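To start, the structure itself, in C-alpha cells.
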Amino acid sequence: MASVALGSTLTLLRANQNDAAPHKPLIFTPNWNSLRSNHGLRTHASSTRCRSVGAPRAAAEAVEDVIVEGVEKEKEKGRVLRVGVVCGGPSAERGISLNSARSVIDHIQGEDLHVCCYYIDSELNAFAISPAQVYSNTPADFDFKLESLAQGFKSWSDFADHLAVNVDIVFPVIHGQFGEDGGIQEVLERYNIPFVGTGSNECRQAFDKYNASLELSRHGFVTVPSCLVEGSEADEPELSEWFAKNQLDPSSGKVVVKPARAGSSIGVTVAYGLADSLVKANAIITEGIDSKVLVEIFLEGGSEFTAIVLDVGYGTDSHPVVLLPTEVELQFLGSVDVREKDAIFNYRRKYLPTQQVAYHTPPRFPIDVIEKYSRWSISVIQKAWPS
C-alpha cells in the first residue's frame, strides 16, 4: 500500500468575518505537511493513498488505520508487526518532532505491535533509544543522556543494517530539515527500508514553499504573490520592483516574511515596507534558519482552513475522499492592538497552550462552499503532485 500526502494552507478571502463569500477566490499558500503510508513491508508498494492538507491529529489517526491494517496482516502470519519511530533531526523543530513521536507511540501501541524508537541528533548521528526516553522534556535532555542511555551507530549503513533486522517498517516523524525535505526518506530508500511517509522526490518538490508555489501556479491555481530573497545585492531592486508591481507602499506596505524551507512557523513575521522586509529577511538568513526567504502579500480578511484528502482503494480502483475541513480562527480578548490585528498562526499558537486559537470542524461556511473546498483540495493533489 503506498500513499502520498501533500498539504497546504488554504485561505478564502472574505469581505468580513460575517460574509460567507462563496464567490471569493481560494488562495493557496504552500505550507506542506507530508504523509505517505508505504505498506505491505516493501517500499513504494501499491496503492492506497493518504493525502494530508494540514490537520496533524486527523492525519495521525489516518496513519493509525494503516498501521492497524498492517497489524492484522502480520497477525495472520502469526507474528507482531515491528515499527521503528524515528524522531529528532537537525532543525529547530526537534521539540515538535518529539511531540509527534509521543503522539504516534500513544496511538499505535498494542499487543500485536512492537515499537522501537530512534533519535537523530543535530549532527545527523543516529541512536537507538527506549520508548520511555521519548517522553523526556526537551531535545537538550536527549542530547545530554544519549551517551549513557542510547545505542549509537557508527554510520548510516550500520543504522540501516540494524533497522533491516529489528523493524518491519519505519515511521519517520522528523520535522523540518532532513525530515520533510526528503533527507531521511532518501536514506531509507537507498537501503530499501520500508517506511511511512512521502517519497524523497516528492518531499524535495513540496518542502520548498517557493518552488511549490511556482508548481501550483503552473497548474492554474491562484497563489499569494511572493518575491524570493536570498541575501544578495540584487534583492533590494528586485523587491522594490515587486512592491510596485503589487501596488504596495514601499515605506509601509504590509507583507509576511518567512523561510522558504522551514516549518512550524519558525522565523515567520510581519513586515512593513521595503526596508523592514529586507531587514527581517536577512535576519532569517543570518540566524541560519534558511538561506531562501519568501516575502508575501499579507492577506487581509482571510479565513484559514485545513483538510484531509484520502485516496482509498487499490490500483485503478482508488478514489479520493475528503474529510471535513477544519477552520483555524485566531481569537483575542479585550482591546485589540496593532500586534494582535497583524497576528499570524505562529509557533506559539500552534503548539503551546493558548486561548487565542479556536478550531471549527466543520468550518463556519455554507455547505456549497465546503463542497467547493473539497473539490479544490482534490484538484491540488491530482494536478500538482500526481503519483
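The values are calculated or read from the model by the stated rules, or taken from the named source; none is laboratory data. Owing to the predicted nature of the structure, the values given are computational and were not obtained by experimental measurement. Note that we place each Cβ from the backbone using ideal geometry, even for glycine, and neighbour counts take in every protein chain shown. All accessible areas refer to the heavy atoms of the entire protein, side chains included, with ligands and DNA or RNA removed. Shrake-Rupley method; radii C 1.70, N 1.55, O 1.52, S 1.80 Å.
Every condition in (1) open to solvent by 30 Å² or more (accessible area, probe 1.4 Å); (2) assigned to a helix (DSSP H, G or I); (3) within 15 Å of Val380 (Cα to Cα) holds for Gly220 except the one numbered (2). Residues in the stretch 166-191 that are in contact with a Leu (Cβ under 8 Å, 6 or more places away or on another chain) and part of a loop (DSSP other than H, G, I, E, B) were compared, and the one that is farthest from Ala206 (Cα to Cα) is Asp168. Applying the criterion of being within 21 Å of Ala262 (Cβ to Cβ) and of a type in the set (Asp, Glu) to the residues of the stretch 78-126, the residue that is most open to solvent (accessible area, probe 1.4 Å) is Glu123.
Every residue, every condition in (1) at pLDDT 85 or above; (2) β-branched (Val, Ile, Thr); (3) surrounded by fewer than 18 Cβ atoms within 10 Å (Cβ to Cβ); (4) touching a Leu at 6+ places or on another chain (Cβ under 8 Å), yes or no:
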residue: Ser318; (1), (2), (3), (4): no, no, yes, no
residue: Leu323; (1), (2), (3), (4): yes, no, no, yes
residue: Val336; (1), (2), (3), (4): no, yes, yes, no
residue: Phe365; (1), (2), (3), (4): yes, no, no, yes
residue: Ser379; (1), (2), (3), (4): yes, no, yes, no
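Restricting attention to the stretch 218-235, the residues that are at negative phi and out of contact with any strand residue (DSSP E or B) (no Cβ under 9 Å at 6 or more places or on another chain) total 5. For first residues located in the stretch 167-186 and under 10 Å from Ser97 (Cβ atoms), partners that are charged (D, E, K, R) and lie 6+ apart or on another chain with Cβ distances below 7 Å form the pairs His175/Glu93; Gly176/Glu93. Among the residues of the stretch 339-363, those that are at pLDDT 90 or above and open to solvent by 70 Å² or more (accessible area, probe 1.4 Å) comprise Tyr359, Thr361. When residues in the stretch 266-275 are screened for being open to solvent by 20 Å² or more (accessible area, probe 1.4 Å) and not in a strand (DSSP E or B), 5 of them pass. Taking the conditions exactly as written (modelled with pLDDT under 90, open to solvent by less than 50 Å² (accessible area, probe 1.4 Å) and among the aromatic types (Phe, Trp, Tyr)), does Phe153 satisfy them or not? No, not satisfied. Of the residues making up the stretch 127-139, those that are assigned to a strand (DSSP E or B) and exposed (fewer than 15 other Cβ atoms within 10 Å of the Cβ) number 0.
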